[in-house]
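Peer 1: Structure incoming, see below.
Just so it is clear, none of the values below were taken in a lab; they were calculated from the coordinates. All figures in this text were calculated on a predicted structure; none of them were measured in a lab. Neighbour counts are summed over all protein chains in view; Cβ atoms, including those assigned to glycine, are modelled from backbone coordinates with ideal geometry.
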2 protein chains.
Amino acid sequence: MKEGQDMAGTAPSRKDEWTFRAYLAELDRRGELATVAAPVHEDPFGISACLSALHQGPALHFTHPGPTGLTVAGNLLNSIDRVGLGLRLDRGALPAAIASAIGRPLRPREVARGACQEVEMEPDLGLLPIPRFFEHETGPYITAGCIVARDSRTGLGNLSYARLKPLGPDRALVGIAPNHHLAVMARAAAARGERLPIAVTVGNHPVVLVAAALYLKLGEDEMEVAGALQGAPVGVVRCRTSDLLVPADCEVVIEGEIEVGETVEEGPVSEYHGMYERYGAGHVVRITAITRRRDAIFQVIEPGFHIEHLLIGGVAIAAGLEQHLKGFVPAVERVSVLDSGCGRLSAVVVLGPDRKPGDPVKAIMGALSAVNLIKQVTVVDNDIDPWDEFQVQYAVATRMRADRDIVVVPGARTDRSEPMKLGGTIAKYGFDATRHAEDRDDWTPARAPADAYRDAAPIIDAIRAGKRRI
Amino acid sequence: MKEGQDMAGTAPSRKDEWTFRAYLAELDRRGELATVAAPVHEDPFGISACLSALHQGPALHFTHPGPTGLTVAGNLLNSIDRVGLGLRLDRGALPAAIASAIGRPLRPREVARGACQEVEMEPDLGLLPIPRFFEHETGPYITAGCIVARDSRTGLGNLSYARLKPLGPDRALVGIAPNHHLAVMARAAAARGERLPIAVTVGNHPVVLVAAALYLKLGEDEMEVAGALQGAPVGVVRCRTSDLLVPADCEVVIEGEIEVGETVEEGPVSEYHGMYERYGAGHVVRITAITRRRDAIFQVIEPGFHIEHLLIGGVAIAAGLEQHLKGFVPAVERVSVLDSGCGRLSAVVVLGPDRKPGDPVKAIMGALSAVNLIKQVTVVDNDIDPWDEFQVQYAVATRMRADRDIVVVPGARTDRSEPMKLGGTIAKYGFDATRHAEDRDDWTPARAPADAYRDAAPIIDAIRAGKRRI
């Protein structure tokens, strides 16, 4: 792609489209996308090196077509504000809006033709620009694939993430935790003597990317939550080799079938905490078809301890946790799951002023018991932005009495990927960093009068926007 | 000042000068200075509103001359990398370099003429552009004044900070904690029936600004540490109304005498933790002379919970603490005092691989006992950057076992400004977030091979530098 050319290629993006490339174009307009024309893919780890080194930077679009003819993009959702931009929501409203979308699912709308089927390729994974990420992983991985599946008995749909490692042109290992709904569905199919059809969709809009990370009840379809998030049904087309329905506007669709009977040792694989885990054997997927847009952009998510990977999971966990806690601690206003806790291990809970004594500890126990991986909960007052690490640590430093406000609960159940687990358990803990009635009551923040901020707002805004001569 | 005009005005800065305006010019060259020509000072809180709202942004130079004819600058040292730039040191080397400078002081060199005396003004504080900061403070404050003093009996010098609130044209309240060396010297002078001469120097280079924040032994002169930091004696000139020696190149010098006998109630004053404190009565200073550069730039430091105020103190405390801990925990490599802990309350200690079992807890106790205000210590391995909040919290989330690695020590002595103190004491606490031998030993960070990062370095660097088309 030449400089200045519209990234959407043959189909210029409109801002109101809920597509992957419309979101990329929006990032570009804001100066939050870097396009790299150099042939980075000549090193199989080149794209990973750029994505990981810049995991707190702009989104990246590697526009050199390379041997596959497809370009590659990553680091799209690597800040909480970027996730907010994708969902067209303020960062503070994200978990509540996602929870609300769960409560009013919108069924997808089937359309006759989808851009994701403009080209039908050979079912050969070697024709896709799948990068290698980390030195000790045993191969390249498809990491941004949102997997569509449906239980053939109940007809209920599922959308989720699982990594795919090519094992040959039309064969891949799929890494699914045994308790994931996709694994449950695959085992159920196998018990009936069937293979589970799946469709791995790559290059989805943020509403689909975030919805796919949600843990809903078995049978609740994350695609319907994506529809609710965008305020309109997701347009879907029927797969070529199965009856599955996939987002019509995504970039690439890999159709296949999970064979539960056949398993393959995976070797070390990176985890959210930044190290490797060995999960043993995984299921095998046989690829039956690959379709794509004519000028498909192949999305990758840098896995491991990298912001986008952490945040997509963290935002989804926060949404579930916020809804859960509000059910029995009415003072809960907001919940975040921060990237410093790997988007999996630590939550921050904001309580409003109507909280009762003991509510912070109740919220701590509620959060620690609700999600296996969450082991650290910090409770703060509602003047603290829970997505701002600096503010959260400020609250801990100035409002917590260590001999009164630290709760440690040993021996709690955790997940197989907890980095410090002992026999499946871990000590969980909470910090109550809210102000207590018996603490000093003269905590007036030292600020200039509101007038002064109002008068200076044009100057402050101009400097924040990058102006240096006002 | 018009756009593009050199900020140094009549005396263009050279990069090798260790002056306030040379540092401002360096920030400007890097795009880290915003000049504001609008008359922000028309609201007495206008400058404070800009500085506080942008306390994590560029340095600010308010170039409208206003009624006093002087311009105002602030937010110079509001990131750890900005402090490093000022001292021409990598952020990781700061505390050790400062500690080393303490050990090899360089006496100042007296010169005949200094730019700080180009103009002798009326001794009237109303002729200086002193801003108001916070709504409930009882007046404007000089906050960036480095105060030069000398014990008339021992001849030993002192350089320190204290806020000054004008009480009239030639009278000000000086806010000194009772145990500060300046207060000790003032009381000693009073006991001899003398008034203590001081000189408040405003608009100093970062080496002076950081040195003035150090807590040295009584009689050790911080100005000599500033000399060691710049590798050459600080050039000083003799005051007009006393024998005190002040940095020849600073912007403004306010000469006066502390009268210990006369005290004035201060009212609420902002503190590092972001709230107000009431410290009761303070000493009075009589102003005897004011001199300045012809085109003086009046420096302000936004007080309270604002990064520059926190960091100048935090870097100085970290330097002392690092030197102290290395004395009895040889594995200590680095110490930081983060802004989220208000630059006063929390330290991070990095231990090298040669640490022995128990060293983390030894370092925790050592740090908690050495500095009254430090109440929270986090110990990490040396792959963690202690000045990066995100990395420190990542270490806590992934390497700490809450039932083993949290230490709480109730009833420890603290300072009068500790926000949660009870009868002068506080519970102090530490987190051991280092990996232990009995924890899993297969913690290999998942990274791309070194080659890939090396090959991609030009692209990564260009994008980090702000380029968006590579």
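Peer 1: Which distance in nm do the two modelled labels at B:THR138 and A:ARG286 give, with both placed 7 Å along the Cα-to-Cβ direction?
Peer 2: 8.6
Peer 1: Order B:17-25, A:356-364, A:433-441 from most to least packed using the mean count of other Cβ atoms within 10 Å.
Peer 2: Numbers: B:17-25: 22.8, A:356-364: 18.3, A:433-441: 14.8.
Per-residue Cβ counts within 10 Å, averaged per peptide and sorted highest first, yield B:17-25, A:356-364, A:433-441.
Peer 1: Say each of B:LEU156 and B:ASP383 gets a label point 7 Å from the Cα, pointing the same way as Cα to Cβ; how far apart are those two points in nm?
Peer 2: For B:LEU156 paired with B:ASP383, the spin-label model returns 4.6 nm.
Peer 1: Give me D for the range B:94-201 in µm² s⁻¹, whole number, from Stokes-Einstein with Rh from the Kirkwood sum over alpha-carbon pairs, 4 °C and 1.567 mPa s.
Peer 2: Details: Rh = 16.4 Å.
For these conditions, the coefficient is 79 µm²/s.
Peer 1: Oh, and also: Restricting things to Cα coordinates, could you compute the convex hull volume per residue of the range A:110-172 in Å³?
Peer 2: Working: hull volume 8.5 nm³, N = 63.
With only Cα atoms used, the range A:110-172 gives 134 Å³ per residue.
Peer 1: Can you compute the helix-only [θ] at 222 nm over chain A? Use -39500 (n - 2.57) per DSSP H run of at least 4 residues, normalise by all residues, nearest 500 deg cm²/dmol.
Peer 2: Numbers: 12 runs with 124 residues, N = 470.
Rounded to the nearest 500, it is -8000 deg cm²/dmol.
Peer 1: Normalised by the residues of chain A, what does the relative contact order come to in percent, with Cα pairs under 8 Å and at least six apart? Kindly include the intermediate steps, with their values, before the conclusion.
Peer 2: Working: 1010 pairs, mean separation 65.7, N = 470.
Value for chain A: 14 percent.
Peer 1: If each label sits 7 angstrom from Cα along the C-beta direction, how far apart, in nm, is A:ALA437 from its counterparts in the other copies?
Peer 2: List, nearest first: 5.1 nm.
Peer 1: Restricting things to alpha carbons, tell me how big the range B:327-433 is in terms of Rg and Dmax, in Å.
Peer 2: Rg then Dmax for the range B:327-433, in Å: 13.2, 40.
Peer 1: Determine the gain in length on full extension of the stretch B:THR425-B:ARG464; use 0.36 nm per residue of separation and subtract their C-alpha separation, reporting nm with one decimal.
Peer 2: Numbers: separation 39, 0.36 × 39 = 14.04 nm, distance 4.59 nm.
Extra length from B:THR425 to B:ARG464 when fully extended: 9.5 nm.
Peer 1: Can I ask one more? Quantify how strongly other chains surround peptide B:401-407 by giving the mean number of their Cβ atoms within 10 Å of each of its Cβ atoms.
Peer 2: 6
Peer 1: Suppose you put the label 7 Å out from Cα in the Cβ direction; list, shortest first and in nm with one decimal, how far B:ARG107 is from each other copy's label.
Peer 2: Label-point separations across copies, in nm and ascending: 9.2.
Peer 1: Ranked highest first by the average count of other Cβ atoms within 10 Å around their residues, in what order do B:100-112, A:199-211, B:131-143, B:170-182 fall?
Peer 2: The densest-packed peptide leads the list: A:199-211, B:131-143, B:170-182, B:100-112.
Peer 1: Here's something else I'd like to know. Got the relative contact order for the range A:327-433 handy, in percent, Cα pairs under 8 Å and 6 or more residues apart? The partial results should precede the final answer.
Peer 2: Details: 198 pairs, mean separation 28.4, N = 107.
Result for the range A:327-433 is 27 percent.
Peer 1: Quick check: net charge around A:ALA437, other residues with Cβ under 14 Å of its Cβ, Lys/Arg +1 and Asp/Glu -1? Numbers along the way, then the final one.
Peer 2: On the way: positive: A:ARG355, A:LYS356, A:ARG399, A:ARG401, A:ARG404, A:ARG435, A:ARG440; negative: A:ASP354, A:ASP359, A:ASP381, A:ASP405, A:ASP432, A:GLU438, A:ASP439, A:ASP441, A:ASP442.
That works out to -2.
Peer 1: Counting other beta carbons within 10 Å of each residue's own, what order do A:ARG29, B:ARG82 fall into, fewest first?
Peer 2: Numbers: A:ARG29 11, B:ARG82 23.
Final ranking by Cβ density, sparse to dense: A:ARG29, B:ARG82.
Peer 1: Return the percentage of antiparallel bridges among DSSP beta bridges fully within the protein assembly as shown, rounded to the nearest 5 %. Don't skip to the end; give the middle numbers.
Peer 2: Numbers: 120 of 164 bridges.
So the antiparallel bridges amount to about 75 percent of the total.
Peer 1: How crowded by other chains is A:435-447, given as the mean number of beta carbons from other chains within 10 Å of each beta carbon? Before the final figure, lay out the partial values.
Peer 2: Details: counts 2, 1, 0, 1, 3, 5, 0, 5, 5, 8, 10, 20, 13.
That works out to 6 on average.
Peer 1: Output the antiparallel fraction of DSSP beta bridges having both residues in chain A, as a percent to the nearest 5.
Peer 2: So the antiparallel bridges in chain A amount to around 75 percent.
Peer 1: Can you give the mean number of other chain Cβ atoms that lie within 10 Å of the Cβ atoms in peptide B:413-426?
Peer 2: For this peptide, the per-residue mean of nearby foreign Cβ atoms is 2.
Peer 1: Using θ = phi - 60° and the Karplus relation 6.51 cos²θ - 1.76 cosθ + 1.60, list the HN-Hα couplings for the range B:311-326 in order, rounded to whole Hz, with x at every Gly or Pro.
Peer 2: Each residue of the range B:311-326 in turn: 6, 4, x, x, 5, 5, 5, 4, 4, x, 5, 4, 5, 4, 5, 4 Hz.
Peer 1: So for each of A:419-425, A:330-336 I average, over its residues, the number of other beta carbons within 10 Å; can you give me the resulting order with the highest mean first? Let's see the in-between values first.
Peer 2: Values: A:419-425: 15.4, A:330-336: 22.9.
Result, highest mean Cβ count within 10 Å first: A:330-336, A:419-425.
Peer 1: Let me ask another. Please report, for B:THR241, the nm distances (one decimal) from its label point, 7 Å out from Cα along the beta-carbon direction, to the equivalent points in the remaining copies, shortest first.
Peer 2: 9.1
Peer 1: Oh, and also: Student exercise: in chain A, how many lysine pairs 8 or more apart or on different chains have Cα atoms under 16 Å apart? Show your work: numbers first, answer last.
Peer 2: Values: A:LYS326/A:LYS356; A:LYS326/A:LYS362; A:LYS362/A:LYS375; A:LYS362/A:LYS428; A:LYS375/A:LYS421; A:LYS375/A:LYS428.
Summing the qualifying lysine pairs gives 6.
Peer 1: Let me ask something additional. Classify the range A:391-444: rounded, prolate or oblate, from the alpha-carbon gyration tensor (a ≥ b ≥ c, eigenvalue square roots; a/c under 1.5 rounded; otherwise prolate if a/b is larger than b/c)?
Peer 2: Numbers: a/c = 4.74, a/b = 2.71, b/c = 1.75.
Cα axes put the range A:391-444 in the prolate bin.
Peer 1: Okay, moving on. The range B:274-349 to the range A:307-354: how many Å between their Cα centroids?
Peer 2: Computed from Cα coordinates, the inter-centre distance equals 34 Å.
Peer 1: Which value in nm describes the separation of the simple spin-label points at B:ASP354 and B:ARG413, placed 7 Å from the Cα toward the beta carbon?
Peer 2: 3.3
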